């Protein structure tokens, strides 16, 4: 099945669902949008890119070839469970959840006629909601695809075409491996950012002097602590094993660096920091070249 | 003494010294620049804003009313020690070091004719060197001033005028309090950023797959890990007591959050994260309003 012949239903019209709809416009046979929130539905109607909008998941699932679940992780798990019970089963089913193991595991129980695949576009903003959606949010970003053993080549191919059509680089990988890596590159940074913010809150006196002493380093390092809590808490909870293991590695590394600061010579400290600085500068350059 | 009548020597022509020279241009009687690095001196000459340039600190100190030490913290401590021994003593002496207690303590031993004051403009970039200098780097930022008991009102007043003249907000505070606060708002964020980067380096396999899975959260959270190592290691070492205490608070908070993730209900986790998100959103708004 080609993307241009595919009737797509996007279930969940938030930042990701809304952005995907904008990016897919013109590349698909039709676009159905589903959200239980009337404000989001109204906003979606104003965009004038959907062929049909509904508050009812069943309607979206029934009228599409490919259903894309663009909900927080627990919302995705709930909807898959409801398809397993009584909701209509679409021919193709993809999700955009930020963790993949729990979701692909639940996809294994889907009715035999469904072709499921996990998806995770690595992009986002601190601002939630369809009001913040943008078509080009996916441009140049990685779009992870985690097929199941039961996923057909046609389903994987459709998912790859979809990712490429919105300007992302499809990357096929194992769901477990995805979660282990993302614990390091995304969930641990969030946890660290939140912990840093909490530490600052506790150090802030009633005079709020601390706020005068915040410079760009703190602003950058704590930016993701402002992320949507409902969305991220699902992520932390469905990847807790990998995340807590990553935190243990982090804590061990913090102790090593603290020892260097407490007992090491200035030269030893510099030698410890240099390779980290160089690696990070390489990432910066890479990201810049990609931009 | 008014700023416009003041002959200023800037010792150390890196990012901060160079930016300060650009920002002070036209607001002072004359500008002398000192750096032992011939490349920095050549670059400074090309800017055409200095009345005199020299590789010799003694020359700068002898020919100025106000000497500003814009070196890494250990360089500042070395130069103060040399003034205490045999270098010419300027009437007014200020530094731009990122920690203040060790520096103001060493300033106490300066000859009686010197009027010393600690300074710390809270701004910067990851890129070091006079080549990256900009006049407007100080605009809207806080410029901390830490007077000693021996600092005259005239010296404090000159320092405040200088800070205001380059677009910064002067903030007078105690050196110890500065270091305790900056441990939270600057040095701990650096340490956390470096630790996060080290953790990612260790998780990266030979296939470099991890780099494909880096999104904006990791980029923001680790940005300051690319900072100049020589500069920052001086900062960490001269503020190690406050920094290691801040790290202990951070580790305790990380453990609390890890327990919520491991054992808490989704609602308990959200309730724990919400006030942190709200505080951080307030900071963001504040920074935005200031910009």
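Table for the structure above
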| read-out | value |
| --- | --- |
| Residue B:238 being more than 7 Å from chain A (Cβ to nearest Cβ) and surrounded by 19 or more Cβ atoms within 10 Å (Cβ to Cβ) | yes |
| Residue B:34 over 20 Å from residue B:125 (Cβ atoms), surrounded by 16 or more Cβ atoms within 10 Å (Cβ to Cβ), free of Cβ contacts under 8 Å to residues at least 60 places away in the same chain and within 21 Å of the chain's Cα centre (by Cα) | yes |
| Filter result for residue A:59 (modelled with pLDDT under 95 and over 24 Å from residue A:153 (Cβ atoms)) | no |
| Qualifying residue in segment A:172-185 (condition: free of Cβ contacts under 8 Å to residues at least 60 places away in the same chain, crowded, with 22+ Cβ neighbours inside 10 Å, outside any helix (DSSP H, G or I) and facing chain B (nearest Cβ under 7 Å)) | no |
| Residue identified as closer than 30 Å to residue A:264 by Cβ, in a loop (DSSP other than H, G, I, E, B) and within 7 Å of chain A (Cβ to nearest Cβ) among B:219, B:214, B:201, B:224 | B:214 |
| Within segment A:38-55, considering residues that are assigned to a loop (DSSP other than H, G, I, E, B) and in contact with a helix residue (DSSP H, G or I) (Cβ under 9 Å, 6 or more places away or on another chain), the one farthest from residue A:138 (Cα to Cα) | A:55 |
| Out of A:128, A:149, sole residue that is in the same structural domain as residue A:67 (by TED's automatic domain parsing) and free of Cβ contacts under 8 Å to residues at least 40 places away in the same chain | A:149 |
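The values are calculated or read from the model by the stated rules, or taken from the named source; none is laboratory data. Since the structure is predicted, the reported quantities are computational estimates derived from the model, not experimental observations. A quick note on method: Cβ atoms are made from the backbone with ideal geometry, for glycine too, and the neighbour counts reach across all protein chains shown.
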